[in-house]
Structure formats: structure tokens, C-alpha cells
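What follows is a short report on a single structure.
The values are calculated or read from the model by the stated rules, or taken from the named source; none is laboratory data. All of these numbers come straight from a predicted model, not from anything done at the bench. Cβ atoms come from the backbone with ideal geometry, glycine included; neighbour counts cover every protein chain shown. Quick note on the areas: whole protein, heavy atoms, side chains included, nothing else; ligands and nucleic acids left out. Shrake-Rupley method; radii C 1.70, N 1.55, O 1.52, S 1.80 Å.
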Amino acid sequence: MIEAVIRGIGIGLVLTFLTGPVFFALIKTSIEKGFHAGISLALGVVTSDVVFVGAILFGSQYFDISRQDKQHAGVIGCIVLFALGVYYIFKKSEVNYGNKVPSRLERTGYFLKGFLMCILNPTLLFHWTIVIGTASTLYTNDVPNRALKIGVMFFTILVVQFGLDTTKAFYANKLRDRISVKFVHRLNEIAGVALIIASLILFDKLVTHYVFTPFST
């Protein structure tokens, strides 16, 4: 069982430091709105990961989703990511220098933002599919307590990811008093451009295939 924990820590560390739109959104939110807002967004992200893992591990037994349905869902996700990127670029920047704790409604909004940003990103579905495939390779059917070991490994991965996202939010929040509103605006622009680029890459992978090869399904 210790081996499953160690493998989970290793995979969790690798996945956490893969820079993407969510990374920029977490840092931006923590600097702009504070630690509690960043934690709420991170909770939304880890919840979407739980949904993905559960859907892949258990949902395939009950649902048969066609390639076309996956493509339609992915295109909707691309549109949402693109719109969010445009919003970030033109969004008026502000910094919560007073360290005001967001209200419950505001924290719910940040949670939903993190959740939807990930759940509508088809790349994460393939990302978790690969991780689950790796787990199946590490723990074949003849391994004793296979299901438990895979469960422990995935639980460890999620704990590591959330723990490191919390650390990112904490230190980004600590930098807030040293950062100008102009810098936050530039950070918003970077996050917006990252989201737009991600949406275009995903659209090409899903539909046009001009530059990138399609997802294997």
C-alpha cells in the first residue's frame, strides 16, 4: 500500500506542475481576490478531477457515449474557454489589498469557476484517461488488492494536487501587497491569452486537425 501512496505522490507532483490555463487562473485569482478565493477555485478544480476519475472508472460500465457526442461536448467546452479568455483580457483589474474574505456566494462563484473551467475542458478527460491507463498497467488483474491500491493511488494524487494548489494560492496571496493593479491587468491578459490558445488547440484537435492530430478515442 505504501507503494501506491509513493506512486500517487510522484504522479501528483508531475501533474500539478504542468502549466496550463488553470494554473494561471489560480495564481491570478489568489493575487487579485485573496487566499480564500484561490482555495475556493482549487476546490472546484479538484472536484472536477473527482468527477472525471469517477466517470472514467465507473461510468463506462453504464453509459456508451459516442464519438460525436464527445466532440459536441468538447466544442462547447472550447467556446466556454474562448469566451472566458476574452473576458479576462478586457476585464477591469482590481486587487483586494484589504484582504477581505469573500462572501459565501462569492466563494461559490469561484468554486463553480474552477469546476466549469476544468469539466468543460476535454483535454483533462484524456489526461485522466491516460493516468488511469497507467494505473491499470502498474496494477494488473493478478495484483492482490488491485482495486484498493488503485483507489489509494488516485486519492493520493488528488490530495497532492489540492495541497500544492493550496500552497500556490497561499504564496500568491502573500505577494498581493507588492503587486500593482497594472501588473494584475497584465496577468489577466496572460491568463486570457492562455485560455484562448488552449481553446483553439482543443478545437483543432477535435474538429479541424490542421495542426494537431485528433484525440484517440
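Before moving on, here are some points about what is shown:
- Number of the condition not met by residue 104 [criteria: (1) at pLDDT 80 or above; (2) open to solvent by less than 40 Å² (accessible area, probe 1.4 Å)]: (2)
- Any hit, the stretch 135-151, residues being within 24 Å of residue 49 (Cβ to Cβ), in contact (Cβ under 8 Å) with a residue 12 or more places away in the chain and within 17 Å of the chain's Cα centre (by Cα): no
- Condition met for residue 177 (closer than 13 Å to residue 34 by Cα and either open to solvent by 80 Å² or more (accessible area, probe 1.4 Å) or free of Cβ contacts under 8 Å to residues at least 60 places away in the same chain (or both)): yes
- Across the stretch 115-133, the qualifying residues are those that are β-branched (Val, Ile, Thr) and either at pLDDT 70 or above or loosely packed, with under 12 Cβ neighbours inside 10 Å (or both), and the one among them that is nearest to residue 83 (Cα to Cα) is 119.
- Qualifying residue in the stretch 152-163 (condition: under 27 Å from residue 86 (Cα atoms) and open to solvent by 70 Å² or more (accessible area, probe 1.4 Å)): no
- Test result for residue 87, at pLDDT below 70 and open to solvent by 50 Å² or more (accessible area, probe 1.4 Å): no
- Among the residues of the stretch 65-74, those identified as under 30 Å from residue 160 (Cα atoms) and either modelled with pLDDT of 85 or more or open to solvent by less than 70 Å² (accessible area, probe 1.4 Å) (or both) are 73, 74.
- Residue in the stretch 208-217 that is assigned to a helix (DSSP H, G or I), hydrophobic (A, V, I, L, M, F, W, C) and surrounded by 13 or more Cβ atoms within 10 Å (Cβ to Cβ) present: no
- Top-ranked residue of the stretch 30-64 - restricted to ones that are modelled with pLDDT under 85 and among the hydroxyl-bearing types (Ser, Thr, Tyr), ranked as farthest from the chain's Cα centre (by Cα): 62
- Any hit, the stretch 13-23, residues being buried (at least 20 other Cβ atoms within 10 Å of the Cβ) and either at pLDDT below 80 or under 27 Å from residue 105 (Cα atoms) (or both): yes
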